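Let me begin by presenting the structure, written as structure tokens, before commenting on it.
Just so you know, all these numbers are worked out from the coordinates, no wet-lab data involved. Not measured: the values here are computed from a predicted model. Here Cβ is always computed from backbone atoms with ideal geometry, including for glycine, and neighbour counts include all displayed protein chains.
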Amino acid sequence: MRPFWIEQALFGDGDLAPALQGEQRADVCIVGGGFTGLWTAIQAKQRNPALDIVVLERDLCGAGASGRNGGCLLTWSAKFLTLRRLFGEAEARRLVLASEAAVDHIGAFLQEHGIDAEFRRDGTLYTATSQAQIGTMDPVMRALEAAGIHSYHALPREEVARRSGSARNLAGVYSPIAATVHPGKLVRGLRRAAMQMGIRIHERSPMLDFQPGPPAVVRTPCGSVKAAKLVFALNAWMAETFPRFERSIAIVSSDMVITERCPELLHAMGLVDGVSVLDSRTFVYYYRSTADGRLMLGKGGNTFARGGRIAPVFDQRSPYEAELTRALHGFFPTLRSTPITASWNGPSDRSVSGFPFFGRLEGAAHIYYGFGYSGNGVGPSYMGGQILSSLVLDEDNAWTRSPLTQGPLGLFPPEPLRYAGSIVVRNAIRRKERAEDENRTPAWIDRQLSKLANAAGKSDKA
């Protein structure tokens, strides 16, 4: 099933890239035509225009996770405490500021290249939908302020309800440094810009196998590419392609529903711009309006994959469509009579730390990888492109020296413990948050089990 955003982006776009044919050569071959692969190709080409770059995509660029997300272009500021714990104060501060700068870098690139990705820099609201969630952002805000980063400010309750369009949001903090985009139009726009820059892109060209070399050789059904440098940008599909990464990520769905167009209703509720709204659950509800007057709502942490395999359910309508529709109506009772246009889900590559990681494949100096965005990849994938392009160009800079380039920062338990444990913890979180929604005290065991997700960095905002 083609993702909803990609179907919209492909309307009137008949310029599909040809499949790879015959034996070809390149300076750099990138496997994966989503946000990470395209940003890596674009940034490497910008810094070295003479570089000959080939991008191979198994389906259409954006048909994977890049075209299935909610289009919330967020930063890492809400994860500052975890960044500081992992990497120290200086690097945490640098990464947060770089993630905030990425919002404007993406906006500037879209403007420069005439890409209409419905980029709306209207900020983001982190809210509380129960008494237990109130104040969860306070420690992060204090730490950011102490570090000289002024990302957020609290809003009065009535202003939170007005900006978010829903009285269900009891409290909240606002950051102007965030945007929303049409992810399908963004990824297809990046693809067109890359091709205009002279980057060769081949869609419908799945990698069958590769020889590390050097030079590396990637083989597809109808051709091959021999390249001095090789980059793997497969995100959740990395664990399926390389079993050595099976325990580096947990593959979990993010499920979404979207309404028919209802611009008058949205304006009446106060949703007049592109602000994104996320609550303070472990697996958050998030929503936003679209430029064409729809309401999109999503939630992470539903379907877990076994053994790093991408299950067929990830390419189907969301099995949680009814639950998400009830949640949407809970936030917006006036939308009960507005039909749901579509539902979908997609695989999110959750790392142990909650952050992506990068490195050299088995230590090879000419083969690189990066994945593990943990449900927040629209903005940070630009940073992934900064890291991988710096590695490809053999640069010595803050990105190549970052601890993010040292590979995965921990492993999940082996199967079947990982899958069984994921379900046990997920269900405990659901019970705990249901009790909090009803102003009841959660069971002790559910509180303790929920902390296991927090220990993996999942309590930070996605």
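Quick notes on this one:
- At 1.567 mPa s and 4 °C, Stokes diffusion of the range 1-129 via Kirkwood alpha-carbon radius, µm² per second: 74 µm²/s
- Length gained when the stretch residue 242-residue 101 is fully extended (0.36 nm per residue, less Cα-Cα span): 47.5 nm
- Label-point separation in nm, residue 306 to residue 334, each point 7 Å along Cα→Cβ: 4.7 nm
- Residue-wise HN-Hα coupling along the range 310-319, computed from phi with Karplus coefficients 6.51, -1.76, 1.60 (Hz; x: Gly, Pro): 7, 6, x, 4, 5, 10, 10, 4, 5, x
- Under a model in which nothing but the beta-carbon of Lys, Arg (+1) and Asp, Glu (-1) is charged, the range 55-99 shows a dipole of about 220 debye around its Cα centre.
- Cα long-axis angle, helix 380-392 against the chain (0 to 90 degrees, to the nearest 10): 20 degrees
- Set of the range 88-118 residues, backbone N closer than 17 Å to the point 7 Å along the Cα-Cβ line of residue 261: 118
- As an equivalent ellipsoid, the range 351-462 spans semi-axes of 36, 16, 9 angstrom, where each value is the square root of five times an eigenvalue of the C-alpha gyration tensor, largest first.
- Förster radius 45 Å - calculated FRET efficiency between residue 441 and residue 219, Cβ distance, rounded to 0.05: 0.15
- You can think of it this way: the chain between residue 112 and residue 159 has 13.5 nm of extra reach, that is 0.36 nm per residue less the Cα-Cα gap.
- Taking Lys and Arg as +1 and Asp and Glu as -1, the other residues whose beta-carbon sits under 10 Å from that of residue 204 total -2.
- Cross-link pairs 45/229; 185/229; 79/451 - those with Cα-Cα distance over 19 Å: 185/229
- The ellipsoid equivalent to the alpha-carbon distribution of the chain has semi-axes of 34, 24, 22 angstrom, derived from the gyration tensor eigenvalues as √(5λ) and listed largest first.
- Taking other residues whose beta carbon is less than 13 angstrom from the beta carbon of residue 146, and scoring Lys, Arg as +1 and Asp, Glu as -1, yields 0.
- When the Cα positions of 383, 224, 131 are compared along the charge dipole of the chain, 131 comes out farthest toward the positive end, with charges on each C-beta of Lys, Arg, Asp and Glu.
- One Cα centroid belongs to the range 111-175, the other to the range 214-293; the line between them spans 22 Å.
- Contour excess over end-to-end distance, with Cα ends at residue 317 and residue 2 and 0.36 nm allotted per residue: 112.4 nm
- Ranked list, fewest to most other Cβ atoms within 10 Å of each Cβ, for 405, 282, 36: 405, 282, 36
- When shorter helices are ignored and each DSSP H run of at least 4 residues is given -39500 (n - 2.57), the per-residue value for the chain at 222 nm works out to -10000 deg cm²/dmol.
- Alpha-carbon spread of the range 316-413, three principal axes, descending order, Å: 57, 30, 21
- Distance between the 7 Å Cα→Cβ label points at residue 419 and residue 395: 4.2 nm.
- Dipole magnitude for the chain: about 920 debye, using +1 per Lys or Arg Cβ and -1 per Asp or Glu Cβ, origin at the Cα centre.
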